[in-house]
Every structure is written in C-alpha cells, then in structure tokens.
4 protein chains.
Amino acid sequence: MNSFGRLFRVHIFGESHGKVVGINIDGCPPGIPIHSDDFVKDLDRRRAGDKGTTSRKEDDIPLIQSGVFNGFTTGTPINIVFNNKDTQSQDYEEIRKFPRPGHADFVASKKFNGFEDYRGGGHFSGRLTVCLVAAGVIAKKVLSHHFINHKIEINSKLISVAGNCDIEKGIQLAVEANDSVGGIVECVVDGLPVGLGEPFFDSVESLLSHAVFSIPAVRGIEFGLGFAAAKMFGSDHNDAFIDSQGRTKTNNSGGISGGLTNGNQLIYRIAVKPTSSTPQKQDSLNIKNDKIESFIVKGRHDLCIALRIPPVLESITAMVIADQLLI
Amino acid sequence: MNSFGRLFRVHIFGESHGKVVGINIDGCPPGIPIHSDDFVKDLDRRRAGDKGTTSRKEDDIPLIQSGVFNGFTTGTPINIVFNNKDTQSQDYEEIRKFPRPGHADFVASKKFNGFEDYRGGGHFSGRLTVCLVAAGVIAKKVLSHHFINHKIEINSKLISVAGNCDIEKGIQLAVEANDSVGGIVECVVDGLPVGLGEPFFDSVESLLSHAVFSIPAVRGIEFGLGFAAAKMFGSDHNDAFIDSQGRTKTNNSGGISGGLTNGNQLIYRIAVKPTSSTPQKQDSLNIKNDKIESFIVKGRHDLCIALRIPPVLESITAMVIADQLLI
Amino acid sequence: MNSFGRLFRVHIFGESHGKVVGINIDGCPPGIPIHSDDFVKDLDRRRAGDKGTTSRKEDDIPLIQSGVFNGFTTGTPINIVFNNKDTQSQDYEEIRKFPRPGHADFVASKKFNGFEDYRGGGHFSGRLTVCLVAAGVIAKKVLSHHFINHKIEINSKLISVAGNCDIEKGIQLAVEANDSVGGIVECVVDGLPVGLGEPFFDSVESLLSHAVFSIPAVRGIEFGLGFAAAKMFGSDHNDAFIDSQGRTKTNNSGGISGGLTNGNQLIYRIAVKPTSSTPQKQDSLNIKNDKIESFIVKGRHDLCIALRIPPVLESITAMVIADQLLI
Amino acid sequence: MNSFGRLFRVHIFGESHGKVVGINIDGCPPGIPIHSDDFVKDLDRRRAGDKGTTSRKEDDIPLIQSGVFNGFTTGTPINIVFNNKDTQSQDYEEIRKFPRPGHADFVASKKFNGFEDYRGGGHFSGRLTVCLVAAGVIAKKVLSHHFINHKIEINSKLISVAGNCDIEKGIQLAVEANDSVGGIVECVVDGLPVGLGEPFFDSVESLLSHAVFSIPAVRGIEFGLGFAAAKMFGSDHNDAFIDSQGRTKTNNSGGISGGLTNGNQLIYRIAVKPTSSTPQKQDSLNIKNDKIESFIVKGRHDLCIALRIPPVLESITAMVIADQLLI
C-alpha cells in the first residue's frame, strides 16, 4: 500500500495539514555519508516560489530521526520527517460541501467513510512528494557511493507546458488565462548497466511506471518513442546493434529491451494534467443541497504542478534503480 | 519477480520452446465454478491464425493441475499449464550470432550469463501471455461469482494500427510493405465501485501499468485523456460532479481520481510497438565476427502483435481488479 | 526486513540511544477511535521499575505523528514515535572493546561494517519493544471495534522464572545471586473464529513464531503441549471433537489444527533466556588486544527481561490476529 | 500464503490425491547444474518404506517443467511437479462423517466452505513435503555452487522417539502399542558466515521457524539450549568469545546472537507430534448424526511421521539460508 521497493524499500506517511509528512527507508546499506546539506539542492528545486507555483512556503527541513549515526547510514531504517508549518486549514472546510473536481476529495471520503483528513488533500496531497525527494537523495547517494563503477546520472526536465515547448510561454499562457495548465516531463538516465529489471512482472517499465503513477496528477507514461512507435513499421523502429556492449545506432526503445535495461540511455516521458485546483470558477455538485452550483476552489495552489515534478521524477527513478542494483 | 498481486496472486513460469508455459494462481476464493469451456473464448481471441498473426499454431489447452476439485475452486493454488508442441527450435540458432534488434536476446544473454533458454525468446516470449489469459479467465469468474453486486464488464479492443483507425487498412499496409506494424489498444471497464486502489504507491494507475508493462512490446500507457491532458487548461480538463454517486459530466480522468476509481467508466490505452521480428532485412551486429551484416529474422512471427493483445489486456485488468476487490 | 504483516502492516525504526524509536502502521481501517489513554495500561505493564527490571526510566509517551484525525484513524499510515530521553551513552563505549557475550554487538558490527549505532544495543535493543506494544494497542482496538462479533481476548503472563513457577521466588533467586535469569511466558487467546491462518506457509504457528522471534531474548516457542507431545502416543494426544462447532474434549493442540485456528483456546509458550547483561563478572575477548580478560557489563539492565515480555507478547499476537482477520 | 522467501522464493501447490503436487522456484541464479540424480538421495531419505512409515509408495520422480536448459538453471522460474499415482481415495469418504481428530479436515471444511479437496488431507497433506525436499535440493546446490567460499553443511536427524533417545526402541514401542508416536528432530548447520538474518522482523529464528511450522505436525521449535535456557542464570548461559572471528567457548545460543548468525554452529530442534491418524480406535463426533461414536481412521499412514522429517528440515533450512545469502 504505502510501501515501494523490494530491498531498498520506502514507506510514506503523513498528511498535508497534519503534524508531519515523512518517509521510512529500509534496506539502505550501511556506511553511506549523509549530511543535511545533501538534501538542499533537490528540495529547493521542488520548492514553490517561482511563477506558476503555490504561495504556500514550507521550510522543507528534513529531520532524520533514525538510521544515521556519526554522519553515516547504519544499515537500519532511516526515518525522515518534515514538519508542516504554513497550513491554512480553514480554506478546506468548503470541500466538505463541494468535493473538488479532479481531486481525491470525493473518492477519499467514500473509501475512508468520512474519516479521512481532508485538509489540503490530506494523505493525497502533492505535499507528500517532498518525502519522495528525500528518499531520492538517499537513493542517489547509494548509487554514487555503493555502485562506484557505474557513473549513473539521472536528469529530468519539463519539456512542454500547455502544448508549448517554450516553457516560459506556456506558463505565461496560464497566468494570462488565470487557469491551470498541464505539461510533459522527461527523464533520462545515463550510465546504467545492461540487465536491470526482472522478468516477468518486474520489467524496468513496470517498476518505473508503478512508482511514477504514485505522483499526483500523472496521466500517462511512455518509454523511448512511446506512443509514436504505435504508428511505425518495425524496420524503422528497431534499434540495430553497433557493438558488442549492446550500443545501438538509434535509441527508439529508450534504453530498454525485453523489460531490461540494454546499456543505452534510458528515456521516458510523463504527461502531467493541469492542476485540478484552477483559479477559475467551476460548476459542480454541492453535496449539502444536491444542486449544481458555481464555486471557486480556495487554498493556495500551483498553476502548473508539472513545474515542480522534475526532482520528484528523478527521485523515484533513483529509488527504482537503487533497488534493482541492490538485488 | 515473476509474481504479481497481493491477495489474488499469480506466478508465471515456462519458456516458449520448453515443455510448458504455465501459471500458478494463489488466493482465489473457494467455490468458483471452473470448466475447461470457460477458457475457450478468450484463448481463441488471443490465438494466432488471422491475417497479420504468426503461423505457429498451438492447441492452447489449459491443463488444470491443482486447486480445482469436482468443478469448483478449492481455495488452494490453481496451477495451469499449456504444453508447447508446435516448436521449431532450429530457427533460433541464428540468434546466437545475430541478437535480434528490439528483442530481449542480447540483454537476456548478458543478464543470465548465457544460460538463458534462447529458443523462441524463451521466458521473454509473447507465448507466455497465454498464461495471463488463463489467469484472466479465473479473475473474471471471481468478479462475476464473488462480487455479484457489481456488474463489472471489461472490454478491450484494438483502436488503431500503424496510425490508422481503420484496422483492416492498417494491416493491409503491413502486408503490402512486408513489414511489421504497431498499434494502440484501449481497455474500458464498467461497473467498478468507488474507491479501488490504495494510496500512496498502489494507485489504480500504478497497479495497472505495472501489470501492463509485463506484456511484451508495450511502450506507453495513458489514462483518460492521457497525454492530451498535458496540453489543456484545468477548467477544460476537470470533470464536474453531477450527482452524489460521483458521476461526472465529462470523463476526462478516465474514471480515476487521486489514484482511486471514482465510479465512472475506467478508460486507458496502451501503445504497442511494431513486432521486432520484421520480415524485412536488417543490418545489425554479428557478434561472432564483430561486423555489421545484413540478416533476416527466422522463425514465425506476428506482423502486428497488437492484434492479439486485447484479451491479454482484459486479463491483466481483471487480475488487478479482482485483487483489489479481495482486499 | 523491518516490516511485518500482509494487510495490517507494521514498520519499525529507531535506536535505543538515538532521537526516537517508532513504528509505522499501514493498513489500519478508518474510524477506529484512538486516544492517548488507550496506550497507558500496556505501556505501564511493559515499563521498568519493579524488582528485577532496569533502572532506566522513560516516559514512554506515544507521539502520534500521522494517521489519526479528530480522534479516529483515517485509514492512512499511523506513525508513532517515542522520544529517547534517559540515555547514558557513555556506558557503551566499553563494548567497542568487549563485545558483550550473548548480545548483538559483535554480529552487528560485522554485518554493518562498524557503522551500526552501538549505544545501548542500537536497533537491536529491547527498547524497540515499546513500539510493538504501541502497535499492539492499535491492533487490539481493531479487534474490538472492527470485529465486534468476536469477543477476542488475549492474555499473556509469566509462568516461571529460573525454573520456579513461583515467580517471586525466582526473582528473589536472581537478586540473591546477583545474576540474570530466564523465564517462560504463556499467551492464551479466547474467542478466535475457526480458520485463521493460511496454508501452506502462513500457518498460525508460522506467523506467530515469526513475530515472536523478533522479540529479543526468545529462544523457543511451543503450541499446545508442544515439546511434551513428542513423547506421547497419538491416542493420548488427539483432541476428540465433542460438538459441531469444533469444540474438543481436550485441547492438547492449543487451538490449532493443520495450521489453522480450530475454535478452541489458542495457547502457546515461549522460552526467554536470562538477560545477557548479567551483573556478574565475565571472561571474554578484548578485541583491542586480542586477549581473554575479565570485565563487567556497564549500563542499566533487567535481571529478568521475561518480566517485561507479557504485554509485548500480547501485542504481537494481536498484530497477527488483526492481520489475519483483515484478510 | 503459499509462498516463502524474499529472493529465493518458492510457491507450493497441489493436493495429496490430485493430479500432482509441485513447487515453483523463483529467484534461483542461472548456471547451477541440475540433474535428476541430484534429487535421488534426499527424496529417498524422505520416502516411506521403513518400519513405522506408511505403505503408500510413490515414485517421487521430479518432473522439471521449466527453468532448466541444457542441464543448467536459466535464472527463470523452475517448476517441478510430482505425479500422484498410488492414491486410494475411497479411504477418505469416511472423513466427511468423522472429521479426524488432530487433522485439518474440520477446519479446512469450515475455511473453504466445503469446497476443499478432502482426499488424503488434500493441500494439508504431508505429501506436499516432497516438494519442499525438491526445493531444498535446488537450494543446497545454490549454496555449494554459488557460495563456494563457504562450505555450508546442513544435517538433520531424529534424536528421540516417544521420549526415547534410542530410536529403534521408540519405534518398537509404537509398533507394539499399535499406536502412533511423536519425536524430536535436530538440525545443525556448519560453515555459516557471520551476519545472516535481518533485524527487526527477519531474524534467523523468525525465518526458520516460519518455514518450520509449515511442515505438518510440528508443535515447537527451540534454538541452542532453547527451553532449558529459561531455567538458567545469565552467567551460565552466556557464550564467552574466544577469538576475533566470533568463536565462543560454549554454544548455548545455538549459533545465533541478536537474531543473526554468529559464525558458530547453528543448532535447533523441533517437536513433532504423534501422527494424528493412529491405528487405535477413537471416540469422536459423527457430524452426520451429531453423536459421539467410535471409529478407526482408514487410509495408509505413518506411525511416526518424525521419521521422515529430517530431509524436509534440511530442505527448508537450505531454502532460508540460500535466500539470506542471495540478499
């Protein structure tokens, strides 16, 4: 349920407006140096503040509760929490009346019989991705300190917003329309060895997509040419081998063959929907009086949640790779 | 690794040209009537024979080895095997020389140190999807006999081939070009209750995509509007609620909110690449002499593997839903 | 690794002299009322203070960090931590020189390459059982609120110390000898339905013993007559049925048949070794100079750790039963 | 449920009087030589025939269905089945009337709503331990071929029958009394490295006991001195270190400290109850007329099932160790 991974295993917990959000990381090898500075860069990349992001500001200071001793991982579970401070929970009383379209409010209330912490989306909030980033920092350190033969580099970036490859332009469109927008985020990984992934059910695509769809707002994923491959002939799509390390002339498969990494660059892209909490007025059901009414979503939200996803995508990718390498 | 599911749990085994391929299903409730006739329809839909499919013909007779007694499931593991008969393993000696582009040959050999059963793709062969179909038949029976309140209907179909929505035309293109082609397969599910899926890591999208990417040749998956959502404004994408059961005016989200089913029709699509074993001549590395040479893939193959995927897609969808309902 | 359970799933973390010890509970149903008072009784029973227990005193106040909202469980992970306050870590520098006989010091150092938090036994300390008690409190509440048809009662008590069934006398022996002593703890469960446990590998005995042996110092477990059964004839050991609910004339099997609960009282006993940290002088290896030398274990320790185990045993039993009932 | 292990993972299936019993082994490394001869010795040791064992005779020929190619493991699942031939199912119609005391008949019928395959105990039969032996043969080969630095030796033997350390005498007692008897089986392992097992929940004792209690008729387990330790003083029980490899003067702990192997000989013992199917007349409930009546269990049974357990115990021990070494 709230766990992911086989050996490098993470357990996530917390609610957007509760005391904390946090992550428990089991299976991290001992002897990895961990400093609080290690978290700064990726947490900063994820943090709000730029145009198109929410005005909620959290310190995002990772508090390491266990599993690190004298600056090194001990091999026992690493528990990290982030305190929630800048919460304005009163904004969310309204959602008891108007379950927000596109949000988990309605389904969460049905599933948990009304006992869910509904404030700020509770356990379903994008706030929890800060925990994924913390786990990703640890995972990246595992890759660089434990698997030093490989120089594994994971890079993710936003490649289009609202259909525009010029990202600034896409955001500007959203600001002008005073509406939220979607985007596409790409992730590439260099330096992977041949053979990561496990048949039959733990293909690299299976593991990455499983993790990716835990990130709120993701609607699709494609590897290599992805959906474009469905329109092609085999003779155009196939990647011909050019050497005995398995390098190929083209990389249409995005670095994966038969569900296993093939030694070429791993490439995948995800589709991120527009933030459900648009500032626009919406017509939806008022469940108190069972009538369709106009309302505006309160709270502070991102216009383009995709802006904040690249470090999250890198993190879950690092988690999957670290887990596979440890197996 | 070769297992999937939490309570309704399947374990797959076998190789394309070995004695058998098979599936072991744990966690099926007792008392579900099972007859060999139950398997006929879906296995027939998956079987080769039509234009664009391989000339390899297998009986595909499911042999139930355990877990069924006097016509009903017992509650203990159901073991089903399919004998492999129509194998022409000599076709595959060539791949020791030319690892087939787009296939698992090269990576499997690296991963398993040359001990893999390379004949017909071995454990990586599409042949194993016959086992998924058998598991899907059981899963569908669980849905119809154990969850009788819900009238859950799962339907999957090929919606485009080589970029053509007219499927016949797409296949004709492939036949004329004597080349393999890709396609897009859609799956829709009606009758699902609200709230299937589990935060944080077991969203419905996570579970379905995990299973989907175990099907060979799948390159992408999208839910609802999927990649199209990345180009939209939030006010256009949001699905407004129209009643207290959670029905929405539009269904852009494809029946999923916050990773949970929302009571509307579940819709997703997958991209299937062109069969790697195109009949066209290919230039690739001869690993015996380390030179790039022309060669033609031997063996019997589908021109459009996507043709045979709809029943497989229904099956893994049924497996995921049965597992979630049992939880 | 640090996780246990299939649906009611706990993850433990923390070190004896670190910031906290804690537990993360996933899979608890929503709507269970939880108050801090609920924890008092069982935590008190486990706490030190009586004759034969350590002088280390911790408040043992459970801090609920997530998963409880407005006094009820939400259905999302419940994270509970206990701060460590009364630590005297300087006592443990000695163990870098003399790995304590009977303790994890030596093996932990080998396994974790010297990076383990060795203070107070670190992650191997009996201190972590406070987390099991907290999880047990939640599990017991699940049993009483979620499975109200059953009146499940779990009771555990110390039945012998140092071979004496008069417990006071056994403790007195230890105090007089200024040496640590072992004991036997029994656990009985009334009100269980027929059929808990799952063949083949998840028998009730398998699940309970798996959990039991995570409690430090446990050396054996037996169900029903246990080891005494090995000396008997079948006609004496068999429990004859006396009614159609499955009640039996005798209960030599301790309420388990074929690995499943049979509706009679579940009974099992565990053997607890004497606390390894005896106050007696010991001769053991000084790893700094590779010589056998006499030394005395510093730190504050229980003379009879078995005294504090009954609430822990009830807790892990409640966890196992809650998990099985939820399946 | 019917699965065990984390990386070296086995899935068991089949019923005593069904077509087959079998095992599916996932996670076995590639390149291990496997011949059918490898199975002969251990299967023979388990087979019936001697005084005190059942007259049911099965060939016990392991049929390898997948995962072995050209005499070596491929790295994909190894599926092995044993056909059931010498079945006399008519013997078991009686148990529909008289659920056999000490057997799973009654609880299985309740749990599986009467759909269970009741013939010969079905899925609960000791017959399935033949599958464990097959898995153990593979596991032992993994130990000897994959971990060649360690010379791991696993040996198990019956050490008492009906309370007699002279085994012949114990069996003779049973034959003369025409009654079934219990026994104690010991298992010792030499050559284990320091540090196998994982805190907190996967101690070596937890894993071994979990597996052990899946063997029918086991009622208790103890490590090292076990229950005797509960009567001792700490200064007598502690094992003093004598060298820097962790060797100890005594081995009261049975080779385990803090849940991890400590490099000394691993020793544990299990209590096996008398076979429930005693040839003696028993008074128990006739569920057809709800009266207590005398009856005699039909079918062919062992007088002392403990006789056949040593190779089974070695097998599950090998499985646990192989799994831990692969992690």
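Every read-out reported here was derived from the displayed coordinates using simple, explicitly stated rules and does not represent laboratory data. Keep in mind that what you see is a predicted model, and the values were worked out from it rather than measured. In this analysis, Cβ positions are derived from the backbone assuming ideal geometry, glycine residues included, and neighbour counts consider all displayed protein chains.
Helix C:167-177 axis versus longest C-alpha principal axis of chain C: approximately 10°, rounded to the nearest ten.
Per residue of peptide D:266-276, the mean number of Cβ atoms on other chains within 10 Å of the residue Cβ is 5. Ordered by the count of other Cβ atoms within 10 Å of each Cβ, fewest first, C:6, D:247, A:308 give D:247, C:6, A:308. Only the Cβ atoms of Lys and Arg (+1) and of Asp and Glu (-1) were treated as charged; on that basis the dipole of the protein assembly as shown about its Cα centre amounts to roughly 0 debye. Farthest towards the positive end of the charge dipole of the stretch A:3-326, among the residues A:303, A:164, A:17, is the Cα of A:17, using unit charges on the Cβ of Lys, Arg, Asp and Glu. Remark: the stretch A:196-293 carries a charge dipole of roughly 380 debye about the Cα centre, counting +1 on each Lys and Arg Cβ and -1 on each Asp and Glu Cβ. Copy-to-copy label distances for residue C:19, where each label lies 7 Å from Cα along Cα-to-Cβ, are 1.3, 5.7, 5.8 nm in order of increasing length.
When peptides B:25-31, C:180-186 are sorted by average Cβ neighbour count within 10 Å, with the highest value leading, the order is C:180-186, B:25-31. In this structure the amide hydrogen of residue B:232, modeled in the peptide plane, comes within under 5 Å of the amide hydrogens of A:182, none closer than 5 places in sequence on its chain.
Charge tally for residue A:46 (other residues, Cβ to Cβ under 12 Å; Lys, Arg +1; Asp, Glu -1): -2. If R0 equals 51 Å, the separation of the Cβ atoms of residue B:45 and residue C:166 corresponds to a calculated FRET efficiency of about 0.10. Here is how the number arises for chain A: DSSP H runs of 4 or more residues each give -39500 (n - 2.57), the sum is divided by the residue count, and the result at 222 nm is -6500 deg cm²/dmol. Across the cross-link table entries B:111/B:141; C:97/D:151; C:231/D:231; A:288/C:151, which are compared at the Cα atoms, the separations over 27 Å belong to B:111/B:141; C:97/D:151; A:288/C:151. Whole-Hz Karplus values for the stretch C:241-248 come out as 6, 10, 8, 7, 7, x, 5, 10 Hz, taken residue by residue from phi with 6.51 cos²θ - 1.76 cosθ + 1.60 and θ = phi - 60°; glycine and proline positions read x. Residues whose amide H lies under 5 Å from that of residue A:280, counting only those 5 or more places away or on a different chain, are A:180; hydrogens are built 1.01 Å from N in the peptide plane. Measuring spread by the Cα atoms of chain B yields a radius of gyration and Dmax of 20.8, 69 Å. Sorted on the mean count of surrounding Cβ atoms within 10 Å across their residues, most packed first, peptides A:93-100, B:222-229 read B:222-229, A:93-100. About its Cα centre, the dipole of chain A is roughly 500 debye, where the only charges are +1 on Lys and Arg Cβ and -1 on Asp and Glu Cβ.
Mind running the shape call on the stretch D:68-180? Use the C-alpha gyration tensor, a ≥ b ≥ c as the square roots of the eigenvalues: rounded below 1.5 for a/c, prolate if a/b tops b/c, oblate otherwise. Note, shape of the stretch D:68-180 comes out oblate.
Modelled spin-label separation between residue C:144 and residue C:292, with each label point placed 7 Å from Cα along the Cα-to-Cβ direction: 5.4 nm.
Residue by residue through A:10-21, how many Cβ atoms from other chains fall within 10 Å of the Cβ on average?
6
Copy-to-copy label distances for residue D:91, where each label lies 7 Å from Cα along Cα-to-Cβ, are 4.9, 6.1, 7.3 nm in order of increasing length.
Shielding of peptide C:118-129 by partners, expressed as the average count of other chain Cβ atoms within 10 Å per residue Cβ, is 3. With label points set 7 Å from Cα along Cα→Cβ, the inter-copy distances at residue D:283 are 6.1, 8.1, 9.3 nm, sorted shortest first.
Here the residues B:175, D:161, ranked from fewest to most Cβ neighbours within 10 Å of their Cβ, fall in the order B:175, D:161. Projection of the Cα convex hull of the protein assembly as shown, averaged over all directions and equal to a quarter of that hull's surface, yields 46.3 nm².
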